[in-house]
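To start, the structure under review is shown below, and the notes come after it.
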Amino acid sequence: MRLSLRAHSIMDYGLAAFFLGAPWLFGFAQLPHEMGISVACGRGIASLSSITDYKMGLLRFVPFPIHRGADVVVESFSGARRSTFRRADCQERSLSPLDS
């Protein structure tokens, strides 16, 4: 599925807002690592979106193909964080990640 650049830019800013607000919306603001990753993802998405050469970009000096590559990196990082923290939490409690 291909999105128009306008739709992609709107979704980018919405996703940035979601990541920035997620720690408080979902109650993990007291967990420093999880909150830090969520806020870092939100800031990164908002920053990259503001400098991308598309409809809602403010400075427009990053070509869209580079922006798309960065999207893949952020998506991989944000998707992997859950299993990473789950394993870390289980190690702290001496549990197997499969037990939870």
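See the values below:
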| quantity | calculated |
| --- | --- |
| Residue that is nearest to the chain's Cα centre (by Cα), among those in segment 26-71 that are closer than 13 Å to Ser9 by Cβ and among the basic types (Lys, Arg) | Arg68 |
| Complete set of residues in segment 51-100 that are among the hydroxyl-bearing types (Ser, Thr, Tyr) and either out of contact with any strand residue (DSSP E or B) (no Cβ under 6 Å at 6 or more places or on another chain) or at pLDDT below 70 (or both) | Tyr54, Ser76, Ser78, Ser83, Thr84, Ser94, Ser96, Ser100 |
| Test: residue in segment 11-20 that is among the hydroxyl-bearing types (Ser, Thr, Tyr) and modelled with pLDDT under 95 | no |
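The values are calculated or read from the model by the stated rules, or taken from the named source; none is laboratory data. Everything quoted here is computed from the prediction, not taken from an experiment. Because the Cβ atoms are built from the backbone with ideal geometry, glycine has one as well, and the counts that use them run over all protein chains shown.
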